[in-house]
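J.: Dropping a structure here in structure tokens format, bear with me for questions.
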Amino acid sequence: MTVAVAVSLLCEPGVGGSLHLSGGAVLPGGAAAADQESCPIEEPLIGDGVTRGIVRIGDTVRRPVRPFTATVQAYLRHLHQAGFSAAPVPFGIDGQGREVLSFVPGDAPREPLPPEATGEDVLIALAGLIRRLHDAAQGWTPPADAAWGGVPGAETVRISPVDGEAELVGHRDYCPGNVVFRDGLPAALIDFDLAKPTTRLYDIANALYWWAPLLHPADARPPSPTPTSPTAPRSSPTPTA
């Protein structure tokens, strides 16, 4: 953990004497000798419009805790332990009861996507990213009390599962805002709220829905008015976890 992350974890109202992190690690209240005047401010992050209350503090992102938070954090820990670093690092819960994740640097695409964000090089890079995720996730056994997220409102609609028998836990939500670009190519994934047991095929189908040119041009979204930049700067209010 970097000093910047440690300081940002400690410099917040209501943390108190210490912060318990994932895996049992504890940061003592005075560890970084940080005072309130030097603490970074909270920067509101607005992304999919579904999850409210997301803020950035230094090199971390704070998100509301949901029933599936502990399961997703366990999944993210496994991914990193398996060598997949292209995802947020989970840091547990802060003193205000918020989930703490590392901020993932890069650019977040916005719809409608410009041509530069839909080229074959982008699709190849995204496919490689998903393959590495799948390889890291293979063999992970979710905890016995695992809870999984879902699309808001889905519980009121009877939707037949299409995944088949689960092979692994996948991301299952490769919408452009959840794919972080660096140097013009997909480099990391964020927002694992819809992660759950699935198949490799279903996970790839989800990515194809968002990224592959499956629609007739007449049915596609209109082109971006500013096609010179395939992504939006991450300094803009887009969450990274």
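Just so you know, all these numbers are worked out from the coordinates, no wet-lab data involved. Here the structure is a predicted model, which is why all the values come from computation and not from measurement. We place every Cβ from the backbone using ideal geometry, glycine too, and count neighbours over all the protein chains shown.
J.: Excluding Thr199 itself, calculate the net charge of residues whose Cβ lies under 9 Å from the Cβ of Thr199, where each Lys or Arg counts +1 and each Asp or Glu counts -1.
T.: -3
J.: Right, next: Relative contact order for segment 115-219 using alpha-carbon pairs under 8 Å, separation at least 6, rounded to a whole percent?
T.: 34
J.: Follow-up question, since we're still on this one. So who's got an amide H within less than 5 Å of the one on Ser102, skipping anything under 5 residues away but keeping other chains? H placed 1.01 Å off N, in plane.
T.: Answer set, sorted by chain and number: Val61, Val89, Phe91.
J.: Further question: Net charge around Ile130, counting only other residues with Cβ within less than 13 Å of its Cβ (Lys, Arg = +1; Asp, Glu = -1)?
T.: +1
J.: Starting from the Cα coordinates of segment 115-219, work out the convex hull volume and express it per residue in Å³.
T.: Taking the convex hull of the Cα positions in segment 115-219, it is 130 Å³ per residue.
J.: Separate question: Output the peptides 102-113, 138-149 sorted from most to least packed, where packing is the average of other Cβ atoms within 10 Å over each peptide's residues.
T.: Descending packing order for the listed peptides: 102-113, 138-149.
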